[in-house]
Each structure stands twice: as C-alpha cells, then as structure tokens.
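The next block holds one structure in the form of structure tokens; read it before the comments.
Every read-out reported here was derived from the displayed coordinates using simple, explicitly stated rules and does not represent laboratory data. Nothing here was measured: the structure is a model prediction, and the numbers come from that model. Please note: Cβ atoms are built from the backbone with ideal geometry, for glycine as well, and neighbour counts cover all protein chains shown.
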Amino acid sequence: MLDLVVRNAVLPDGRDGMTIGCENGRIVALTHEPVTDARRAIDARGCLASPPFVDAHFHMDSTLTYGRPRVNRSGTLLEGIELWGELKPSLTHDEIRARAVELCRWAVARGTLAIRSHVDVCDPSLRAVKALLEVRGLVKGEIDLQLVAFPQDGFLRSPVGETGLTAALDLGVDVVGGIPHFERTMADGAASVERLCRIAADRGLLVDMHCDETDDPLSRNVEVLAREAIRHGLQGRVVGSHLTAMHSMDNYYVSKLIPLMHEAAMTAVANPLINITLQGRHDSYPKRRGMTRVKELLAAGVNVACGHDCVMDPWYPLGSHDMLDVAHMGLHVGHMTGDAEMRAMFDCVTVNAARALHLDGYGLAPGCWADMVLLQAESAVDAIRLRPARLAVIRRGRVIAETPRAVPTVQLAGETAEVTFHIKRHSTRSG
Ligand code: FE2
C-alpha cells in the first residue's frame, strides 16, 4: 500500500489526469492509470501539481527586520546598507533564529521547499552564521536551506572579509560568496573573484556571488567570474547573482559576454522584485529597469533562475516569500508575455533554480523525492497569473501545509455567482 496518492492533477508540462503515487518519501508512480491502494488520497480536481518552488537567492539574516531601527525612508540600496550596519550589532543568536524559522514557515505555506540564503560573514562573532547553521538543521525535515558565505562589506575591502569567510566555511557554510562590485576598484573586484574561486576549487564547493549589482554599464566582474569558473574547472558550479549591470551594458560587449557565460555553464540569478525597485535610482527619465537580460540568457541556453532576495528587511518593505510574486514581476519586467516565455518564467522558480542549487532528487518523476505543491490553478501560467492558494504542500510524501480552496461569491446585477477568475466559455446556439 502506498503512503499517498495525488489524483487527477495537471503537471507543469501540461499532462493532465495524472496520478502521483508516493512511498517511503519518494515518487514511485506517475501515471494516467488509477492507483487505489494508498493510506491517504488527495483529489486534485484538475489542479496543478508542481515540484516545489525553489528560491535561488535570499537573505535570511536580515529578513523580517523592517522598521528596525527605523524604516528606509529613501528606499535606496545605500540607505538599506546603512540601516543594516546600524542594526547588525544589536542582533542576537536567538532573535536571528526566530526570524529565520518564521520566514521558513512563510516559505512552506507558499510551497517553497528549498532556499539558498546568503549570510553576512563580515562580523567577527559570526553570530548570524551560527544562528543560520542551527536553523538549517532545525528545518531540514521540511526545507533544504543552503547557506552562502557572503562578505557584505567586501572580501578584500573589509578587514574581516577573508577571515570571516574562511571561518564560516570551516563551520560548515555550504557555498562561497562574494561581492566584487563593492570592492574598492574593478581590479580589486577581479582579484576577489580570483581568490574566491580558488578557495571554492580547493574546498570542492559551489560558488554564488553577488556580481555587478549596479547600473554601471562598465562593471566587468561577471566576465572574470566566467573566466575563473573555466580556469578552475568549476563549470556548472558557479552562479552570478543579480548581474543588473548587464541591463545597461553595450549590446556588442554582451554579444561576447553571454557565450562566455554559456561556456562556463554558469547560472544567472535575477531578483526581479528587488532589481526593479533598487536599480535605476540615479536616473531621471527614462529610468532603467535594472533586471539582467533574462530573455537573451535563456535564448542562449544559459540556466536562469530567480530569487526573492528580501522580505521585509532594510532593502525591501514588502513580500510574503511567494516565488510566484517573483515570477510575476520577472515576467513583466522582462517583457516575457509570449506563451513559451511565461512557462520559462515558471521554470526559473522551479527546475532552473533547483539546477542552480544542485538539488538531489528534485522533480516530478519516479525516483524523485515526493516533494510537491498543489495549486488552485489550471496550469503553470495560470499559477503565475493568479498566485493562488497552495492547497497542499507535500514533503517526502507528507502534507506539511494546507490552504483551503478560495472561491469568492459575488452579488452583482441581481445575480449571485461564484467567481473563479477563469474565462467562461459561453455556448452559442444557431437555428
Ligand atoms: Fe542579494
């Protein structure tokens, strides 16, 4: 007898009437045939079953601090960095852990079961690193939490950048981070990328750097990151996060850069909610959008994933950790309203992000982990359009979050009707 079956589901690739059978934490059947013998059965009633959402880029140490010690009045990146600097000394282990665990609850409620979080290592006490390592263990039954050693104040620029980063890795942080555009010069940025890729290669770790998060069209760190990935044999193991300068770069230069990124098998991570609000702040009109070239990178075969980046912190006052908000914004900012483009945006918050994180056993196929989210939507594009209820969130074959189906009842023009937010197909009669 199976542990769980989900019946009558639509998959993101459009297959409908599917039954998903789960046993011992794995998917063991994906079929059109009815499977009757199970301890628990869920009738999806034609709704979408998707592999869980994956957040490829987040900051768990600063999340849910909005308003402390004061709100960001200008809404800019620089005031956010200033505020974070003021807030950092007052943070405690228990308080960081409590906020992070609460954020994980929000994530699970929204169907996100893997998060890559950067953690600031420019603090001699490594308070946030230790708290988030504890959280990684606490939530491992529900969420795959990957941590990136992130030298927020600069790997070379901060006096504790290098020592903090290596100490964090020694404590068990998973991924090597960086912030080359924040080093003092472009040469220092390149030097930091070279050093950090060497550290990753020596330790056998993945790399994920904040890279060229600026509107400067001449910011050139991503080409160094691609070159170092190739030089150290780190192809497929390196992520360039934000890459907002690519929005402003000369087209001829980008025509050389994107093939180089492809050669390095890099993943590009866009953070649409944050890029659209923080970039272009020095512009009058027209104002640049600041999101990296998602459409062109995808067309060139580069893996592109998306992150939420922030939820209610010094840089972003909004958010509920919903990766469908991220896909929705990315689709709009990137002019990605073509049918295949909208579906590609869904991939950016699911399969592409899972590839960036090197998640093991991810997907809806026999042999994969029995992890999925059931949404009150008819397709992947419908899910982005409606950002609907996550009816069930399943981890290792166990339902860990549920939200009731929502169908508003409206009284209008003398009639009472249920609203499903789908186009009604009116039959036409002739004769
Ligand atoms: Fe970030």
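One table, with the values for the structure above:
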{"item": "Hydrodynamic radius by Kirkwood, which averages 1/r over all alpha carbon pairs of the chain, in angstrom", "result": "22.4 Å"}
{"item": "Length gained when the stretch Ala406-Leu78 is fully extended (0.36 nm per residue, less Cα-Cα span)", "result": "114.0 nm"}
{"item": "Alpha-carbon centroids, the range 30-62 and the range 223-289: separation in whole Å", "result": "32 Å"}
{"item": "Efficiency of FRET from Cβ geometry, Arg15 and Asn251, R₀ 56 Å, rounded to 0.05", "result": "0.90"}
{"item": "Between helix 323-333 and the chain: long-axis angle, C-alpha atoms, 0 to 90°, nearest 10", "result": "70 degrees"}
{"item": "Antiparallel DSSP beta bridges within the chain, percent to nearest 5", "result": "45 percent"}
{"item": "Cα gyration tensor category, rounded, prolate or oblate, for the range 283-346 with a/c compared to 1.5", "result": "oblate"}
{"item": "Inter-probe distance in nm under a simple model that places probes 7 Å from Cα toward Cβ, at Asp188 and Leu171", "result": "2.5 nm"}
{"item": "Highest-MSF residue in the chain out of Ala392, Ala149, Ala167 [GNM, Cα springs under 10 Å]", "result": "Ala167"}
{"item": "The range 236-248 - phi-based ³J(HN,Hα) in whole Hz, Karplus 6.51/-1.76/1.60, Gly and Pro as x", "result": "x, 10, 10, 10, x, 9, 6, 6, 5, 4, 4, 4, 9"}
{"item": "Under 5 Å, built H, 5+ apart or other chain: amide partners of Leu234", "result": "none"}
{"item": "Euclidean distance of C-alpha centroids, the range 312-364 and the range 73-107, integer Å", "result": "23 Å"}
{"item": "Rounded to 10°, Cα long-axis angle of helix 186-203 versus longest principal axis of the chain", "result": "60 degrees"}
{"item": "Thr420-Arg39 FRET efficiency (beta carbon distance; Förster radius 22 Å; 0.05 resolution)", "result": "0.10"}
{"item": "Whole-number percent relative contact order across the range 53-356, with pairs defined as alpha carbons under 8 Å at least 6 apart", "result": "20 percent"}
{"item": "Point-to-point label distance, Lys130-Arg231, nm (Cα→Cβ direction, 7 Å offset)", "result": "3.6 nm"}
{"item": "Choice from Arg220, Arg195, Arg15 with maximal GNM fluctuation in the chain (Cα, 10 Å cutoff)", "result": "Arg15"}
{"item": "Lysine pairs with alpha-carbon atoms under 29 Å apart, the chain, spacing 8 or more or separate chains", "result": "6"}
